[in-house]
Amino acid sequence: MAWNEPGGDNKDPWSGKGGDQGPPDLDEVVKKMQERLGGLFGGRGGGKGNGNGSAPGGGSGGGMKGLGALIALAALLFLAFKSFYIIAPAERGVVLRFGDFKEVTLPGPHLLIPLVDRVIPVNVDQISSFRHKAAMLTRDENIVDIELTVQSKVENPEDYLFQDQTPDKTIRDATETAVRETIGKSKLDFILTEGRASVADAIKVRIQELINQYNTGLRVTSVNTLPAKPPEEVKGAFDDAIKAREDKAKVENQAQAYANEVVPKARGAAARRVEDAKAYKESVIAQAEGDTSRFLAILTEYHKAPEVTRQRLYLDTVEEVMGKSRKVIVDAEGGNSLMYLPLDKLIQSAPAPLPSGGTPAVAPERVQQPQEQRVREESRGRRIR
């Protein structure tokens, strides 16, 4: 055995030498750890102070101070880490102090009291959307399938967190109410044709009014409605109605085009007739005024010389009347015979006018008719008697 060999220095396990090789004492281990910690944090570790191997009287107090300093440093680091917070640009910070609302902070770094204040970040730029689809009854008692998408975001973080426990459910219920109310006030044709945009605007306004009553802190950004359509059971009849409406619009357009073509022509003809009537009116008035002026002039002369004026009027009238006649019959005084003057034939047999610078043309010898000769003879006989 190794402990019994020469030079082994009697290192047997049963000898009294080497008593320190036994199992270590637990108190001794704790003391050594305290000494090391004390030396690390500025305490004094005196090694083996007295003969029994115990630490000096000040070693235990220094170790406790070092542990306290370590705990204090850790606490300071923890408080420093928890004393500030940063709010992102798209968020708002809702600060609670002892569980009660204190304020809403803007984006950036901020301070708080650790273990007293609590910060809840709320995203105010994020758009939340949901789709709503339902069959609604219109004002004219028709059923229409309507589908829309509602988009919203947080406007008031305080109300969103504390005023309404379920703001998302509230806005869904408000959407259903607003859609039912708006569709119930509109007719089917209006919803399916030109009223789509106005219906969406009315639904948006109504949803906002309802969620404001519950202080949800939400703001409706947009309401997008898909094209409404009738139920499948009446789709055929509705398509026929749409086609009839399109035919009506086509006929109206054709009628309007015809009116645009005819009305200007009619207005032009009417304007021409009005102008002709005005011209005729002016000519008649002018002629009447001229006749009046002539009559007044004759009246003035009549007052001056009545007999002469009457004779003159008679002669002018006879001249005007006889000038238009081709035959003249003269009733001689004191006789029963009538004298006939064929002026038309006399005019036809008159010699032609003299040519300029020439000799008078020789008229052909006219053969007197027996009737004309007889009339002349009778006229001479009456004159002689």
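Where a number appears in this text, it was derived from the coordinates with a stated rule and is not lab data. From a predicted model like this one, the values you see are computed outputs, not experimental measurements. When we count neighbours, we look across all protein chains shown, and the Cβ atoms used for this are built from the backbone with ideal geometry, even at glycine.
In terms of the mean number of neighbouring beta-carbon atoms within 10 Å, the peptides 286-294, 209-217 order highest first as 209-217, 286-294.
If one puts a single equal scatterer on every Cα of the stretch 139-224 and applies the Debye formula without solvent, what log₁₀ I(q)/I(0) results at q = 0.14, 0.17, 0.22 Å⁻¹? After summing over all Cα pairs, the log10 values are -0.49, -0.67, -0.97.
Backbone geometry of the stretch 230-246 corresponds, through the Karplus equation with coefficients 6.51, -1.76 and 1.60 at θ = phi - 60°, to 3J(HN,Hα) couplings of x, x, 4, 5, 10, 5, x, 5, 5, 4, 4, 5, 5, 5, 4, 5, 5 Hz, x marking Gly and Pro. Taking Cα centroids, how far is the stretch 232-289 from the stretch 135-208 in Å? The stretch 232-289 and the stretch 135-208 have Cα centres spaced 45 Å from each other.
When you count the other C-beta atoms within 10 angstrom of each residue and take the mean per peptide, 103-116, 161-174 line up highest first as 161-174, 103-116. The label point for residue 125 and the one for residue 162, both projected 7 Å from the Cα toward the Cβ, are 2.6 nm apart.
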